1. For residue A:26, place a label point 7 Å out from Cα along the Cα→Cβ vector, do the same in each other copy, and report the separations in nm, one decimal, smallest first.
2. Please state the Cα pair-distance histogram of the range B:67-143 with 10 angstrom bins from zero: what percent is in each bin?
3. At residue B:90, label 7 Å along Cα→Cβ: distances to the other copies, nm, ascending?
4. Above 13 Å lies some portion of the pair distances; for the range B:127-179, what is it as a whole percent of all C-alpha pairs?
5. What net charge is computed for the residues neighbouring residue A:68, neighbours being all others with C-beta under 13 Å from the C-beta of residue A:68, Lys and Arg scored +1, Asp and Glu -1?
6. Using a simple charge model, +1 on the beta-carbon of Lys and Arg, -1 on the beta-carbon of Asp and Glu, nothing else, what dipole does the range A:1-73 show about its Cα centre, in debye to the nearest 20?
7. In Å, what Kirkwood hydrodynamic radius results for the protein assembly as shown from the alpha-carbon pair distances?
8. Which order do the peptides B:81-89, B:14-22, A:175-183 come out in when sorted by mean C-beta neighbours inside 10 angstrom, highest first?
Protein chains: 2
Amino acid sequence: MEKVMVGKIAVGATPAVIAGAMVNGKPNFLTLGNYGGISPRPVPLVYISVNKAHYTNAGIKENGYFTVNWPSKDLVQKTDYVGLVSGRNVDKSKVFKVFYGSIDKAPMIEECPINIVCKLSQTVDLPTQEIFIGEVVETFVNKDCCDGNRPVLGNITPLLIGGGAYWELGKKAGDAFKDGKALVK
Amino acid sequence: MEKVMVGKIAVGATPAVIAGAMVNGKPNFLTLGNYGGISPRPVPLVYISVNKAHYTNAGIKENGYFTVNWPSKDLVQKTDYVGLVSGRNVDKSKVFKVFYGSIDKAPMIEECPINIVCKLSQTVDLPTQEIFIGEVVETFVNKDCCDGNRPVLGNITPLLIGGGAYWELGKKAGDAFKDGKALVK
């Protein structure tokens with residue numbers, strides 16, 4: 001297969017999520033493509049990486065909590081909007097319907113089918129970014145995306161971002177920790 | 001919308017990539033769901049988070065390089081396989097056709113449409129995991145997934161992983177940094 005060297009680009013698609021935090025006493029929300037898993041066990045850890053210029057960082061550090069709200073395709077316009085304007089200039093507390101779990105410092109977005117409350121466990125300080133590593137404290141999923149208490153990813157259409165666009169999650173392509181067993185000798 | 005508290009789970013889908021490194025003088029490959037972006041600028045930074053029990057970690061630290069190889073759906077079985085067996089017990093250097101860019105310590109997988117060479121810039125030491133933060137040094141994309149030198153994500157079907165399954169990237173859902181402009185006052 002012929003390859004093209006395209007430059008220094010992290011080509012691909014990553015989760016498009018809306019980070020939530022209390023900032024100066026109000027819920028604030030910020031769209032991020034830099035979210036993912038760190039470790040599933042012994043405690044589930046995730047990260048968000050946020051440029052230091054953002055309004056949200058101080059609120060996360062002050063309160064010790066952030067939320068990850070994962071929109072589906074029907075929320076593209078508002079998702080993009082809260083990534084375009086800063087909480088420094090615009091009150092974003094009324095853009096979505098906000099709800100709370102057991103932590104009153106962790107505002108979540110009702111319109112997003114996945115909501116994850118994270119307790120800040122470590123901050124990695126880089127020149128332009130702060131990586132906030134969070135322990136998952138509690139996770140909420142829309143009831144119509146669940147089979148009983150079990151979330152069904154195929155019922156959710158979580159957004160991804162890459163190449164300047166938002167993308168839907170597509171079809172199931174296989175079973176993890178299973179399909180490769182046929183090759184194990 | 002009624003919500004269900006599903007536990008402490010990072011529900012969602014993240015990139016399913018195959019990390020590559022030279023380990024004990026041979027290319028080794030390991031499937032990971034914990035890959036993503038840290039910062040696009042001033043230098044593009046990405047991370048992989050790898051359990052300390054893995055064979056790969058020593059090779060990354062010794063050589064100072066790792067690669068991120070992003071399979072598409074036609075490579076599900078081999079992708080799953082290299083996540084099931086350890087390089088400690090199985091020689092994984094012949095599972096794929098290996099190629100190199102300008103760095104001879106950074107083995108890449110020809111069958112993967114996206115290949116990213118990363119220079120280790122920082123290691124974050126957690127109790128069970130090491131987070132390897134890498135600077136993107138050069139990126140290769142299959143020529144048939146490019147428009148000239150520009151990668152076209154819609155031509156690639158990068159795999160994602162979540163809920164015990166692999167998933168395709170789906171349809172384009174919108175334009176980033178654009179669709180929200182209609183809401184800016």
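1. 6.0
2. All Cα pairs considered, the percentages come to 17, 42, 37, 4, 0.
3. Computed spacing set for this position: 5.0 nm.
4. Values: 1032 of 1378 pairs.
Distances greater than 13 Å cover 75 percent of the Cα pairs.
5. Numbers: positive: A:119, B:8; negative: A:135, A:138.
Here the charged neighbours net out to 0.
6. Numbers: 7 positive and 2 negative charges, 6 e Å.
In debye, rounded to 20, the range A:1-73 gives about 40.
7. Numbers: mean 1/r = 0.0487 Å⁻¹.
The answer is 20.5 Å.
8. Working: B:81-89: 17.3, B:14-22: 27.0, A:175-183: 15.4.
So the order, starting with the most tightly packed, is B:14-22, B:81-89, A:175-183.
The values are calculated or read from the model by the stated rules, or taken from the named source; none is laboratory data. Note that this is a predicted model, so its numbers are computed, not measured. No Cβ is skipped: glycine too gets one built from the backbone with ideal geometry, and neighbour counts run over all protein chains shown. The protein model used for the area step is the full one, side chains on, heavy atoms only, and it has no ligands, DNA or RNA in it. Shrake-Rupley method; radii C 1.70, N 1.55, O 1.52, S 1.80 Å.
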